[in-house]
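Just below is one structure, and these are the notes that go with it.
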């Protein structure tokens, strides 16, 4: 691993991985936090919205961060931003966990007849 220098630029996929990860977490938290306050049609709309967006955003953030870390490792010190890419991976994982939590909560609500 090469130590960061002043001349390094952040890998082009590092910052987008953080942005997509933040998006997946925000949408996930908004969906999970509002479940108890929604009627059936609103729950269905937000649940479907998050299933689509969460199913894409979380794994995409993980993929972008993985590509950024590989690019940083193979650049021989040209690119930096490893910690930024790792933050994107963590946020993507949190987004996926929220996505799974929403599915579980939805199944429980359907089983109980709340929806």
Full-extension gain in nm, residue 112 to residue 30, via 0.36 nm per residue minus C-alpha separation:
27.3 nm
Label point distance in nm, residue 9-residue 52, each placed 7 Å from Cα along Cα→Cβ
3.6 nm
Multiply the residue gap between residue 66 and residue 19 by 0.36 nm, knock off their C-alpha separation, and tell me the result in nm, one decimal place.
15.5 nm
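Would you please give the FRET efficiency between residue 73 and residue 100, computed as 1/(1 + (r/R0)^6) with r the Cβ-Cβ distance and R0 = 25 Å, to the nearest 0.05?
0.25
How fast does the stretch 11-112 diffuse by Stokes-Einstein, in µm²/s, taking the Kirkwood radius from C-alpha pairs at 37 °C and 0.692 mPa s?
It comes out at roughly 233 µm²/s.
Every number in this text was worked out from the coordinates using simple rules, so none of it is lab data. Note that the structure is predicted; figures quoted are calculated from it, not measured. Methodologically, a virtual Cβ is constructed for each residue, glycine included, from the backbone with ideal geometry; neighbour enumeration extends over all protein chains shown.
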